[in-house]
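Rule-based calculations on the coordinates, nothing more; no lab input. In this text, all values refer to a predicted model and were calculated from it rather than measured experimentally. Cβ coordinates were reconstructed from backbone atoms using ideal geometry, including for glycine residues, and neighbour counts include every protein chain displayed.
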Amino acid sequence: MATMIPSPHSLATGVGALPHTDPKQACDDVLSIFPDFPYIPTLPDRSQLEGIVFNDSEQLPGRLIREDRLLFDSTRDQTAAMEKVYMDFVEGNFADYGLHREYASAFVEMMSRKIAKRSVLKCQVTGPVTFGMQVVDANKRPIYYDAQLADVLSKMIALKACWCEQAMRERTGVTETLVVLNEPYLASLGSSVVPVNRETVRAGWEDISSLVEGGLGIHCCSNTDWEFVIGLSPSVISLDAYATAKEFLLYADSIVPYMEKGGVVAWGIVPAEYRIFATESVDSLYSKYLAIRSQLCSRMPEKLFDAQSLVTPSCGIRFADRDGSLVIMEAAAEISRRIRSGEADAHT
């Protein structure tokens, strides 16, 4: 069963994608900028197979890739392949659900590093809602709307998440791991246009949480029903605080007890899109972060806020070159340094 991670005390880390195409260079950059809380990036510019959903699709029953789209072949009987996922889930057989270089080159590269002294190592896996809403059947219907396929999907992702955390522990030497479900489609909670059933979401979360032993988090870079997300008790809630902090803070009555119980909020205060980032400075972003901290700390101690927070870019970094990604990551690291040095208390 998934557990809370050690308090990160406002360390900085990254989120998902980098624009790099060299996995060695990507891992070197991450370990240099985020030495105490590294993460394993994805490299979607390297190939389509490393993009969101595609990178976790290798074991999907009935998978088809046609005209650059990921599809489920509902014209053929997929019973045997689906039954295998069910049996593997029940028996905890995750060995067949690993990531391979053509789908996750940076993950494979990071597995060659010995980084035991780091506090936590983080990776991302596509969440079942986003996965299931992006993959369609022969009738162009998202497979997440098929109850059985949604169930199989959550179990497949549970096995993949389990494989990831075991690989991180065994190959890098870290003792604390964090698997974050990349779930931008959770923005559909409450939508009448693209509805998502809350109980299906909850059941999928419970499947994944039941197999993961370390930290299990959720990243959603759009506004959503944060009350529902908090109620799942993820180890980490990762959000685009630059764009959606105002909406998130409306749930302060739930955020405060969540953090008191050991939950961590990863505040994506640094814009991940370079065009937007270029309109800001580290000082202006730091001020925005302090405003969030001040608002929430009217209801909780600063010490608790700082202990249960991470500082991150708002999402995966794309639409930038390597140099652009470096300054975005370094901005998050600098905000972290200012908070951890006690500078924030001088502003209160």
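Among Ala106, Ala203, Ala138, determine the one that fluctuates most according to a GNM of the chain built with springs between C-alpha atoms less than 10 Å apart.
For the chain, modelled as a Gaussian network with Cα springs under 10 Å, the answer is Ala138.
What lysines does Lys114 reach when the alpha-carbon gap must be under 23 Å and sequence neighbours fewer than 8 apart in one chain are set aside?
Straight-line reach from Lys114, under 23 Å: Lys24, Lys122, Lys160.
Helix 147-172: angle to the longest alpha-carbon principal axis of the chain, degrees 0 to 90, nearest 10?
For 147-172 against the chain, the angle is about 60 degrees.
So which residue, out of Ile255, Ile208, Ile317, gets the largest mean-square fluctuation from a GNM of the chain using Cα contacts under 10 Å as springs?
Ile255
So which GluC sites (Glu not before Pro) in region 59-152 are both in a DSSP loop and have at most 14 other Cβ atoms within 10 Å of their Cβ? Numbers along the way, then the final one.
Details: sites: Glu67, Glu83, Glu91, Glu102, Glu109; in loops: Glu67, Glu102.
Those satisfying the criteria are Glu67, Glu102.
Once you order the gyration tensor axes a ≥ b ≥ c over the Cα atoms, which shape class does region 220-348 get: rounded for a/c under 1.5, otherwise prolate or oblate by comparing a/b with b/c? List each step's numbers first, then the result.
On the way: a/c = 2.00, a/b = 1.32, b/c = 1.51.
Oblate, because a/c is 1.5 or more while a/b does not exceed b/c.
With 27 Å as the limit, write out which pairs from Lys246/Lys303; Lys140/Lys246; Lys84/Lys140 have Cα-Cα distances beyond it, or answer none. Don't skip to the end; give the middle numbers.
On the way: Lys246/Lys303 22 Å; Lys140/Lys246 36 Å; Lys84/Lys140 25 Å.
Where the Cα-Cα span goes over 27 Å, the pairs concerned are Lys140/Lys246.
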